[in-house]
Protein chains: 2
Amino acid sequence: MSPPGGSVEAAPGLERFSLNQATTKSWTLREAVEGCARAGVPAIGLWRDRVQEVGAEAAAKVVADAGLRVSSLCRGGFLTGTGDERRAALADNRRALDEAATVGAPCLVLVVGGLPAGSRDLAGARERVASAVHELAEHAAQVGVRLALEPLHPMYCADRAVLSTLGQALDLAEQLPQEQVGVVVDTFHVWWDPDVEAQVARAGARIASFQVCDFLTPLPADVLMGRGVMGDGHIDFPPLRRAVAAAGYQGDVEVEIFNTDVWAADPDEVLALVARRYLEVVLAD
Amino acid sequence: MSPPGGSVEAAPGLERFSLNQATTKSWTLREAVEGCARAGVPAIGLWRDRVQEVGAEAAAKVVADAGLRVSSLCRGGFLTGTGDERRAALADNRRALDEAATVGAPCLVLVVGGLPAGSRDLAGARERVASAVHELAEHAAQVGVRLALEPLHPMYCADRAVLSTLGQALDLAEQLPQEQVGVVVDTFHVWWDPDVEAQVARAGARIASFQVCDFLTPLPADVLMGRGVMGDGHIDFPPLRRAVAAAGYQGDVEVEIFNTDVWAADPDEVLALVARRYLEVVLAD
């Protein structure tokens, strides 16, 4: 799928570059949109908390007025609970799909959730995710937004996402129509997988989002913060970029970095740095 | 393979229980052996540093005199370097195989190594591991000790082991005779893998060692220390224990825990605790 056109003139090489809002966490939606426009960044991945600060309709207008396109909405998910928790999560994910439709996001990224507190039933948690995704697919179809299943690095299996590999995400996605359920390929989460290139090829048109960031060692005390700027860590990006391209993906490439040092820096400088590294490291031959 | 007999009378239920020395890190070899004998623990997994303090022949005598059997020697590996580093690593692994033979260990556990400093060539590192294992297999055959490939949790892929899944370890092991190269199933490293039960079944007689310890969250600042006493974390042990048994493994079950709190406690109490948890948690129906 080609990115729908925005009117921001992209800086050379940045035609498919998208800033995921998490990378410039201190910016409000409007600040992030204005920062992108200043930097010649044509697309943005939005986060619900920042969208909700202004409301989805106003957010859509801010983005459209600046001539940006939206590459994704982050995020839904957390679907491993039972009973009331499950019902609340399903309702919240339906609202998230509605918000995604309103802001013009082609997909809603799903972090599916870890083991419920005190539970060791990993198989059961995975079954509940599958069942919830089946249940949400109809609403996704109604509003024209794709559910994007994000396999997370296995170190988050217990507390964040029981979807741990691209192959596992595809096993679930393939049970439902392609336009309703796709997958996220995030370099941080999949780079270690001996099977990653084969699974990316298998994914083909199921790829709903391609996210880049690097894997740092030593991991910080809060392992959620171990995501680095491309080039600062261990990942060899070009082979993954080429595999995703060979699978047919022509959409935006989001830079999504959770890192306290990055968050403490000036957001304009962060955006300039990640854009430069995207050109030098991700797009390298 | 049935454990070769030692003459320590195992406490009820501990017939196949083995203390991996890393769990009681402050104990010398002799202290660990005496601790096992006191606790009715019939087997021990030795570490090279503690063996080398007394020499392999003396170590063998200490263990034999106490009536214990050796379940494994930890560890060889670190085979991803090039040039002189590679030659030195191969020589050191041959010495480790000799030591394993001398102490009566049926297998040498291999932590294969991460990316060399500054390298992002994961495929190349994996190829060098495969080539080194092929090279070491002959020596393993000569001394009658099995190389036990240990896939490590993917969070260690960059800096410790580029073997990340049981399936990947088996792809390599299966290129060589079963008596020369097997695999380690360590619950901490494999519990998250959606494919783990199928790969354990595939492993069958390739299983050279079964190690148990739990996965804790939040992970500590040094992620190597995130290994917990069985029952303290997120792993459901009985399904994994049953899968390993169904695959035909009848050898020892090693408890191997890297954890600064465990290391700070009295080793006799640690051994009593892990033995009790083995009975209550690992052997639970």
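The values are calculated or read from the model by the stated rules, or taken from the named source; none is laboratory data. It should be emphasised that the depicted structure is a prediction, and the values quoted were computed from it without experimental measurement. No Cβ is skipped: glycine too gets one built from the backbone with ideal geometry, and neighbour counts run over all protein chains shown. What goes into the accessible areas is simple: the full protein's heavy atoms, side chains included, and nothing from ligands, DNA or RNA. Shrake-Rupley method; radii C 1.70, N 1.55, O 1.52, S 1.80 Å.
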- Considering only region B:144-184, how many residues are without any contact (Cβ under 8 Å) to a residue 24 or more places away in the chain and either within 16 Å of B:Leu108 (Cα to Cα) or in contact with a Lys or Arg (Cβ under 7 Å, 6 or more places away or on another chain) (or both)? 1
- Of the numbered conditions (1) touching a Leu at 6+ places or on another chain (Cβ under 8 Å); (2) open to solvent by 20 Å² or more (accessible area, probe 1.4 Å); (3) not acidic (Asp, Glu), B:Phe78 fails exactly one; give the number of that condition. (1)
- Residue check, B:Ser131 small (Gly, Ala, Ser), open to solvent by 10 Å² or more (accessible area, probe 1.4 Å) and under 14 Å from B:Asn93 (Cα atoms): yes
- Item | Qualifying positions in region B:87-119 - surrounded by fewer than 18 Cβ atoms within 10 Å (Cβ to Cβ) and touching a Ser or Thr at 6+ places or on another chain (Cβ under 9 Å) | B:Pro116, B:Ser119
- Query: Considering region B:242-259 alone, what residues qualify as being out of contact with any helix residue (DSSP H, G or I) (no Cβ under 6 Å at 6 or more places or on another chain) and open to solvent by 40 Å² or more (accessible area, probe 1.4 Å)?
  - Reply: B:Arg242, B:Ala245, B:Ala246, B:Gln250
- Message: I need a count of the residues in region A:99-118 that are more than 22 Å from A:Arg206 (Cα to Cα) and part of a loop (DSSP other than H, G, I, E, B).
- Response: 5
- Check A:Ala125, A:Ala169 and return the single one that is assigned to a helix (DSSP H, G or I), more than 24 Å from A:Val51 (Cα to Cα) and touching a strand residue (DSSP E or B) at 6+ places or on another chain (Cβ under 6 Å). A:Ala169
- Query: Among B:Ala198, B:Ala205, which is the only one that is under 18 Å from the mean Cα position of the chain (by Cα), farther than 16 Å from A:Leu219 by Cα and open to solvent by 50 Å² or more (accessible area, probe 1.4 Å)?
  - Reply: B:Ala205
- Number of the condition not met by A:Ala158 [criteria: (1) in contact with a Cys (Cβ under 7 Å, 6 or more places away or on another chain); (2) within 11 Å of chain B (Cβ to nearest Cβ); (3) of a type outside the set (Val, Ile, Thr)]: (1)
- Task: Filter region B:136-161 down to the residues that are touching a Pro at 6+ places or on another chain (Cβ under 9 Å) and assigned to a loop (DSSP other than H, G, I, E, B), then identify the one that is nearest to B:Gly45 (Cα to Cα).
- Result: B:Val145
- Query: So which of A:Ala66, A:Ala58 ends up being touching a helix residue (DSSP H, G or I) at 6+ places or on another chain (Cβ under 6 Å), within 26 Å of A:Val255 (Cβ to Cβ) and open to solvent by 20 Å² or more (accessible area, probe 1.4 Å)?
  - Reply: A:Ala66
- Task: Return a yes/no flag: does region A:267-281 have any residue that is at pLDDT below 95 and either more than 30 Å from A:Glu31 (Cβ to Cβ) or open to solvent by 10 Å² or more (accessible area, probe 1.4 Å) (or both).
- Result: no
- Of the residues A:Glu85, A:Glu99, which is modelled with pLDDT of 95 or more and in contact with a Lys or Arg (Cβ under 8 Å, 6 or more places away or on another chain)? A:Glu99
- Query: Any residue at all in region A:187-202 that is at the interface with chain B (Cβ under 8 Å from one of its Cβ atoms), among the polar types (S, T, N, Q) and out of contact with any strand residue (DSSP E or B) (no Cβ under 7 Å at 6 or more places or on another chain)?
  - Reply: no
- Message: Take the residues in region A:23-47 that are out of contact with any helix residue (DSSP H, G or I) (no Cβ under 6 Å at 6 or more places or on another chain) and assigned to a helix (DSSP H, G or I); name whichever of them is surrounded by the most Cβ atoms within 10 Å (Cβ to Cβ).
- Response: A:Cys36
- Query: When you scan region A:209-226, how many residues do you find that are open to solvent by 10 Å² or more (accessible area, probe 1.4 Å) and either within 11 Å of chain B (Cβ to nearest Cβ) or modelled with pLDDT of 90 or more (or both)?
  - Reply: 9
